[in-house]
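Written out below as structure tokens is the structure these notes cover.
Taken together, the values in this text are just the output of simple stated rules run on the coordinates, not laboratory data. Please read these numbers as outputs of a predicted model, since none were measured by experiment. No Cβ is skipped: glycine too gets one built from the backbone with ideal geometry, and neighbour counts run over all protein chains shown.
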Amino acid sequence: MSGRQLSILADGEDPEPEAEAQRRYGPPSVPVTPIATSGRTEYTAFCPRCSAVHRHTRPGLRTGPCGARYTVPPADTDETE
């Protein structure tokens, strides 16, 4: 028996596009809400795996407490005068 794992896909379902995108661009970006605390900005991120909201201290590639990998985008720094 080989070490390969097979999975059953629905007709027309191809796992390669998502896997290829993650390989090229990293984990998907998630919706965040910046929180201004005294001294720094923190980010609450909606988790695609467990649907909870996780809190992070900086943007970038992150792993949530549930093990999900995703990208926390930086806060919008455009200021309107």
Problem set entry | Selection within the range 43-57 - hydrophobic (A, V, I, L, M, F, W, C) and assigned to a strand (DSSP E or B) | Ala45, Phe46, Val53
Problem set entry | Hits in the range 34-68 (condition: hydroxyl-bearing (Ser, Thr, Tyr) and surrounded by 12 or more Cβ atoms within 10 Å (Cβ to Cβ)) | Thr41, Tyr43, Thr44, Thr63
Seminar exercise, completed: Taking the range 58-71 and keeping only residues that are hydrophobic (A, V, I, L, M, F, W, C) and in a loop (DSSP other than H, G, I, E, B), one is left with Cys66, Ala68
